[in-house]
Amino acid sequence: MPLEVIGAGLGRTGTVSLKLALEQLGFGPCYHMTELLMHPDHAAGWVRAADGHPDWEGIFSGYAATVDYPGCSFWRELARRYPSAKVLLSVRDPDQWFESTQATIFSDASSATLNASPLRGFFEKTVWRDLSDRVHDRAFMVELFRRHNAEVERTIPKERLLVYNVTQGWTPLCNFLGAPIPDNPFPCTNSRDEYAARSAARAKAAASTIAEWGEEIRAHLNRQRTPD
């Protein structure tokens, strides 16, 4: 199936909640970094894409949408490849975004796990490719975040683009996608505290592996899809 929704927003802009919301609205499965961590064999296809030899149909086989890394690193290419897809730019306050990344995806603990994993090459060519060694530099990162968002807004026609903060809930998202508004609350998950709690439990139990990380993510997402 061709992609119907392309998420251009960087990670830590509510993308796990957005993944669950899109799937609930019928735009699923939705590709997110969690899919890669649950299926490490996907990494080779993304590395080939980073090297200029993408097989987008193979990478997104069975998926209707993508948000978060690694897809957001290729938003321009995907928008060209799927001209009928709508583009969703998830945003938040730039300084809050930076602080969230430092406590989660770009924390020392997360970096250590990924640096020691077979996926290091994948991360270097996709997520980290524009960051160099400045991932903890607030001024650099905030400017990168603003520049990324401005470039998406400058490039994508307004009728094809939704600039969206997950705190806005269902209404603007559903109106943009032409979907009915659900009766249940908008998903709210993978907060900084939740991420930190999982990381702490992982560190206490044992040195984590990508496989263990993937299983934790799978269990977390399943709980969110089937709330008590």
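The values are calculated or read from the model by the stated rules, or taken from the named source; none is laboratory data. Not measured: the values here are computed from a predicted model. We place every Cβ from the backbone using ideal geometry, glycine too, and count neighbours over all the protein chains shown. What goes into the accessible areas is simple: the full protein's heavy atoms, side chains included, and nothing from ligands, DNA or RNA. Shrake-Rupley method; radii C 1.70, N 1.55, O 1.52, S 1.80 Å.
Considering only residues that are open to solvent by 50 Å² or more (accessible area, probe 1.4 Å) and polar (S, T, N, Q), look in the stretch 156-188 and name the one that is nearest to E4 (Cα to Cα).
In this case the residue turns out to be N175.
Could you tell me whether any residue of the stretch 64-85 is under 21 Å from P172 (Cα atoms), surrounded by fewer than 18 Cβ atoms within 10 Å (Cβ to Cβ) and out of contact with any strand residue (DSSP E or B) (no Cβ under 7 Å at 6 or more places or on another chain)?
Yes, there is a match, as at least one residue in the stretch 64-85 is under 21 Å from P172 (Cα atoms), surrounded by fewer than 18 Cβ atoms within 10 Å (Cβ to Cβ) and out of contact with any strand residue (DSSP E or B) (no Cβ under 7 Å at 6 or more places or on another chain).
Working only within the stretch 115-135, note down all residues that are assigned to a helix (DSSP H, G or I), free of Cβ contacts under 8 Å to residues at least 24 places away in the same chain and of a type in the set (A, V, I, L, M, F, W, C).
Answer for the stretch 115-135, where residues must be assigned to a helix (DSSP H, G or I), free of Cβ contacts under 8 Å to residues at least 24 places away in the same chain and of a type in the set (A, V, I, L, M, F, W, C): just F123.
Against the conditions (1) under 19 Å from the mean Cα position of the chain (by Cα); (2) open to solvent by less than 90 Å² (accessible area, probe 1.4 Å), where does R147 fall short? Just the number, please.
Condition not satisfied by R147: (2).
Looking only at the stretch 28-53, filter to residues that are within 16 Å of P187 (Cβ to Cβ) and surrounded by fewer than 22 Cβ atoms within 10 Å (Cβ to Cβ); which one of those is nearest to the chain's Cα centre (by Cα)?
T34
Against the conditions (1) in a helix (DSSP H, G or I); (2) open to solvent by less than 50 Å² (accessible area, probe 1.4 Å); (3) within 30 Å of R160 (Cβ to Cβ), where does S111 fall short? Just the number, please.
Failing condition for S111: (3).
Does T189 count as modelled with pLDDT under 95 and more than 21 Å from T15 (Cβ to Cβ)?
no
Restricting attention to the stretch 165-172, does a residue exist that is modelled with pLDDT of 95 or more, closer than 20 Å to I105 by Cβ and not in a helix (DSSP H, G or I)?
Yes, the stretch 165-172 contains a residue that is modelled with pLDDT of 95 or more, closer than 20 Å to I105 by Cβ and not in a helix (DSSP H, G or I).
Name, by its number, the condition in (1) free of Cβ contacts under 8 Å to residues at least 60 places away in the same chain; (2) in contact with a helix residue (DSSP H, G or I) (Cβ under 9 Å, 6 or more places away or on another chain) that does not hold for A112.
Every condition holds for A112 apart from (2).
Residue under question is E4, and the condition is that it be of a type outside the set (S, T, Y) and within 17 Å of the chain's Cα centre (by Cα); does it hold?
Considered against the rule, which asks whether it is of a type outside the set (S, T, Y) and within 17 Å of the chain's Cα centre (by Cα), E4 comes out as yes.
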